[in-house]
Amino acid sequence: VRIGKSWAPRVHITVDPTRDNKTKVFGSYARFFGKIPNDLAVRALSTEITSVVSYDRSNVDLSDPNNPKIIDPTAFTDFFSFGSEPTVIDPNSKLSYQDEYLAGVEREVIKNFNMGITYTHRALGRTLEDVALVPYTELLAGADFGNYYITNPGPNILATNGQPGFPKPERKYDAVTFKMDKRWSDRWQLAGSYTWSQLRGNYEGYFRRDNGQSDPFITSLFDFPYIATPADRAIWQYAIDPNGVLPNDRTHVFNIFGSRG
């Protein structure tokens with residue numbers, strides 16, 4: 001499979017070591033590229049303007065904490081806006097992709113009844129994201145926000161003083177699946193599986209389950225070079241941990257289906 005200049009190979013092999021047509025040992029490798037969604041064009045390549053207005057706390061009615069109200073909207077202390085220009089795309093950026101490795105064995109233990117085990121490993125190789133050029137700590141100190149641009153974030157982006165501008169986006173999925181399959185015979189069938197898995201990294205991907213954001217390739221992750229200095233690294237260590245458990249991790253998954261006629 002080829003997408004532009006990006007090759008997406010598929011390799012699969014299956015063998016029958018017992019030569020009795022009851023056992024198969026198999027393995028495969030594949031590379032999958034991410035498609036650029038329309039959402040990116042609508043939000044990043046248009047003039048979607050965001051305005052931020054700040055008020056003193058004394059100008060906010062907090063009698064109902066769930067519904068704060070501004071007493072005098074004209075008495076704001078600060079105002080700024082950004083997004084008046086389309087987001088710039090790095091001409092050297094490339095499509096997001098992940099690699100998948102799979103290996104397993106399956107055996108017909110008795111007539112019409114199979115059992116098997118499969119190991120799956122998926123790893124993010126590269127992603128697209130919108131990033132800003134100004135470190136977050138400098139924004140807190142009053143620096144101008146600047147603009148976003150879309151690139152492949154990583155340690156080489158905005159590197160200063162020997163420190164990486166961004167962590168490497170990581171998403172690693174490892175799973176072991178045990179399955180059984182009683183094929184339809186004697187007027188009944190039954191299929192089931194149990195999967196133990198771990199999903200670790202610092203980047204969920206197309207959808208942020210922790211805050212419900214559905215903006216593929218322009219999520220709020222990697223928006224700022226948090227770790228421009230060693231001090232910032234300590235502050236954001238949990239956000240950049242490449243081995244942290246991601247919000248959509250599901251360690252144990254059971255599936256079962258059966259029917260009788």
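Things to note:
- Those GluC sites (Glu not before Pro) in the range 14-113 that DSSP places in a loop and that have at most 14 other beta carbons within 10 Å: E48
- Amide H within-cut-off set for G244, under 5 Å, with H built and near neighbours excluded: G201
- Taking all Cα pairs closer than 8 Å and separated by 6 or more residues, the relative contact order of the range 65-120 comes to 22 percent.
- (i) 1.04; (ii) 1.11; (iii) 1.61, with the label sought being that of the calculated Rg/Rh (Cα atoms, Kirkwood Rh): (ii)
- Packing rank of 36-44, 73-81, where each peptide gets the mean count of other beta carbons within 10 Å, highest leading: 36-44, 73-81
- Whole-number percent relative contact order across the range 111-220, with pairs defined as alpha carbons under 8 Å at least 6 apart: 29 percent
- Computed on the chain, with alpha-carbon pairs under 8 angstrom and 6+ residues apart, the relative contact order is 16 percent.
- Nonlocal amide H pairs with F224, under 5 Å, H built at 1.01 Å: A132
- Set the Cα radius of gyration of the range 20-114 against 2.2 N^0.38 Å, with N its number of residues, and you get 2.29.
- Rolling a 1.4 Å probe over the protein chains gives K94 an accessible area of about 120 Å².
- On the chain, 56 percent of the accessible area sits on carbon and sulfur atoms, based on a 1.4 Å probe.
- Rounded to the nearest Hz, the phi-derived 3J(HN,Hα) couplings of the range 34-39 under the Karplus curve 6.51 cos²θ - 1.76 cosθ + 1.60 (θ = phi - 60°) are x, 7, 6, x, 5, 4, where x marks glycine and proline.
- Largest-first ordering by accessible area, 1.4 Å probe, given options W196, W184: W184, W196
- Farthest positive-ward along the chain dipole, Cα basis, beta-carbon charges - from Y206, F79, P167: Y206
- Estimated from helices alone, the mean residue ellipticity of the chain at 222 nm is -2000 deg cm²/dmol (sum of -39500 (n - 2.57) over DSSP H runs with n ≥ 4, per residue).
- Heavy-atom accessible area for M115, with the other protein chains in place and a 1.4 Å probe, reaches approximately 90 Å².
- Residue-wise HN-Hα coupling along the range 118-134, computed from phi with Karplus coefficients 6.51, -1.76, 1.60 (Hz; x: Gly, Pro): 9, 10, 10, 10, 10, 9, 6, x, 6, 9, 9, 7, 8, 10, 9, 9, 9
- Entry comment: accessible area of the chain is 62 Å² per residue, from protein heavy atoms only and a probe of 1.4 Å.
- GNM remark for the chain: springs join alpha carbons under 10 Å apart, and the peak mean-square fluctuation among I71, I49, I117 falls on I71.
- In the elastic network of the chain, a GNM with C-alpha springs shorter than 10 Å, the most mobile of I150, I218, I70 is I70.
- For the chain, built as a Gaussian network whose Cα springs stay under 10 Å, the top-fluctuating residue of V60, V134, V15: V60
- Karplus-derived HN-Hα couplings along the range 190-198 (A = 6.51, B = -1.76, C = 1.60, θ = phi - 60°), whole Hz, x at Gly and Pro: 8, 9, x, 7, 10, 10, 9, 8, 9
The values are calculated or read from the model by the stated rules, or taken from the named source; none is laboratory data. Treat the numbers as computed from the prediction; the structure is a model and nothing was measured. Counting neighbours? That spans all protein chains shown, and the Cβs are built from the backbone with ideal geometry, glycine included. Just so you know, the surface numbers come from the protein's heavy atoms only, side chains and all, with ligands and any DNA or RNA stripped out. Shrake-Rupley method; radii C 1.70, N 1.55, O 1.52, S 1.80 Å.
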